[in-house]
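Trainee: Can you keep this structure in mind? I'll have questions shortly.
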Amino acid sequence: MYFSDYFKVRPQVIEKYGAFNISLVADLPLFIDPFLLFNSNKKKYKKLHDNIIRYLRFLKDKSITQQMTPGLINAWYRFPEVKQIWFGFTLTGNNGSGLGRKFAIALHENLSRIFGNFGAEEITKSSHLEKLCLIRDGVGRDNISDFTTNLIREFLLAYTQTFARKHVTPSLCKNVTVNKVRFNYTTETWERGQYYLPWREKDYVLLTPRDTLTKENTWINRTDLIDDFHYIPDAIPNDQLRTQINNYFVKILPRKSSRKEERDAAMRTIMNFPQLIDYYILRKEQNGDKAFDLSTALVSRSKRLYVDQFKELIRLLKRSKFL
């Protein structure tokens, strides 16, 4: 049922390596959070985040200087789900929908129209992929995680290859050619690569470091943006801008407003004053240590539920007449 079972590796070995002992029956509801890469003390993670932002800057430049044809949209914006990590939302198996046309168009429009300063922010410490997904419904943590996973796939392949060479029986591994491993900025095309990987039922399997994962929303997310709306203007040092934002919000808010109307007014204000998003992200950066503590607790809880307790349930069922 789990990586450790199928590939005959003790769970303690996987845990010591820093990876999550994934289920090979169905995706687990965990996600890669790009903020954990940005805020990490590990240089290799910070470099991964820098590479993500570099690719997004490339997309932004192209959105300004080049007409986006359907072919380029497919080549540069659309990616299949990296189902081999076994994380995400599915009832059975590990086949997700990946990043389709809706996400591609939303990302392209946000880069070219709404966030013209992406890659050159002056308020936040860094650019963030999550920023591009804050103003659209239906672009959530699974999309962000899928996009992040595709852009760090080369790292995950090498990470798993190193483990496989040391700990997995050769008869359970295979040399695999993988598409879209790294982006060549000279040819502006995705390149493939070959890796030695654990192999199961006509496909390879990837391990993911636990300290890149979260269970709930990514640290930078749309729900928190709206919930924290009333605190964000207070962080703006420009009195005139702060007054304009507050006046606009009060103007569009019905006198006897419901909670939904307040949230809608907050989102309309954010759309009219996109600077608010940078100040929200700055607030998240300043509290970045809490992101690691929260994700660590959630992933540990998930391990107890989806791995430890499930294994105990299986043992109990085997002792009964159920199986």
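The values are calculated or read from the model by the stated rules, or taken from the named source; none is laboratory data. This is a predicted model, so every value here is computed, not measured. With ideal geometry, Cβ positions are generated from the backbone for all residues, glycine too; neighbour counts draw on all protein chains shown. Ligands, DNA and RNA are excluded from the accessible area calculation, which covers all protein heavy atoms including side chains. Shrake-Rupley method; radii C 1.70, N 1.55, O 1.52, S 1.80 Å.
Trainee: With a 1.4 Å probe and every protein chain kept in, tell me what percent of the accessible surface of the chain is carbon plus sulfur. Before the final figure, lay out each step's value.
Mentor: Values: 8250 of 16730 Å².
Taking all protein chains in place, the chain shows 49 percent carbon and sulfur surface.
Trainee: Any idea which of Phe87, Thr189, Leu225 is furthest toward the positive side of the dipole for the chain, if Lys and Arg beta-carbons carry +1 and Asp and Glu beta-carbons -1?
Mentor: Farthest towards the positive end: Phe87.
Trainee: Nearest 5 is fine: what % of DSSP beta bridges in the chain come out antiparallel, could you say?
Mentor: Percentage antiparallel, nearest 5: 90.
Trainee: Below 11 angstrom from the Cβ of Lys125, what's the summed charge of the other residues (Lys, Arg +1; Asp, Glu -1)?
Mentor: Summing Lys and Arg as +1 and Asp and Glu as -1 gives -3.
Trainee: Using a Gaussian network for the chain with springs between C-alpha atoms less than 10 Å apart, which of these wobbles most: Leu156, Leu111, Leu253?
Mentor: It is Leu253.
Trainee: How much mean residue ellipticity at 222 nm does the chain get from its helices, if each DSSP H run of length 4 or more adds -39500 (n - 2.57) and you divide by all residues, to the nearest 500 deg cm²/dmol?
Mentor: On the way: 14 runs with 152 residues, N = 323.
Calculated mean residue ellipticity at 222 nm is -14000 deg cm²/dmol.
Trainee: Still on this structure: Given a 1.4 Å probe, how much area per residue of region 106-173 is accessible, in Å²?
Mentor: Per residue, region 106-173 has 38 Å² of solvent-accessible surface.
Trainee: Explain nothing, just the number: relative contact order of the chain, from Cα pairs under 8 Å at least 6 residues apart, as a whole percent.
Mentor: Averaging sequence separation for qualifying contacts and normalising by length gives 21 percent for the chain.
Trainee: State in Å² the accessible area per residue of region 14-90; use a 1.4 Å probe, count heavy atoms of protein chains only, and round to the nearest integer.
Mentor: Details: 3400 Å² over 77 residues.
Accessible area per residue: 44 Å².
Trainee: Then there is this: Give me the Kirkwood hydrodynamic radius of region 208-280, using the inverse of the mean 1/r over all pairs of distinct Cα atoms, in Å to one decimal.
Mentor: 13.5 Å
Trainee: Could I ask something else about it? Hey, can you grab everything whose amide H is under 5 Å from the amide H of Arg182? Only 5+ residues off in sequence or another chain; H modelled, so Pro and N-termini drop out.
Mentor: Glu191
Trainee: If you split all Cα-Cα distances of the chain into 20 Å bins from zero, what percentages do you get per bin, shortest first?
Mentor: Going from the shortest bin to the longest, the percentages are 29, 54, 17, 1.
Trainee: How long is the gain from Ile105 to Asp203 if the chain were fully straight, where each residue apart is worth 0.36 nm and the alpha carbon distance is subtracted?
Mentor: That works out to 32.3 nm of additional length.
Trainee: Can I ask one more? Hand me the trypsin sites (Lys or Arg not before Pro) from region 1-68 located in a DSSP loop with no more than 14 other Cβ atoms within 10 Å, in residue order please.
Mentor: Lys8, Lys42
Trainee: For the chain, give the magnitude of the charge dipole about the Cα centre (Cβ charges: +1 Lys/Arg, -1 Asp/Glu; no others), in debye to the nearest 20.
Mentor: In debye, rounded to 20, the chain gives about 1060.
Trainee: Now a separate question. Please identify the helices of the chain, taking whole runs of DSSP H, that span at least 18 Å along their own axis as judged from the Cα atoms and have a mean Kyte-Doolittle score of 1.0 or higher.
Mentor: Once both thresholds are applied, nothing remains.
Trainee: Name the long-range amide H neighbours of Lys174: under 5 Å, sequence gap of 5 or more, or other chain; modelled H, no Pro or chain starts.
Mentor: Leu197, Trp199
Trainee: Mind telling me which of Ile252, Ile52, Ile270 comes out most flexible in a GNM of the chain, alpha-carbon contacts under 10 Å?
Mentor: Greatest mean-square fluctuation among the candidates belongs to Ile252.
Trainee: Between exposed GluC sites (Glu not before Pro) in the chain, where DSSP calls loop and at most 13 other Cβ atoms lie within 10 Å, what's the longest gap?
Mentor: Counting at most 13 other Cβ atoms within 10 Å as exposed, the longest clean stretch of the chain is 202-323.
Trainee: Moving to a separate point now. Starting from the amide H of Phe79, placed 1.01 Å from N in the peptide plane, find each other amide H under 5 Å away whose residue is 5 or more places distant or on another chain.
Mentor: Leu99
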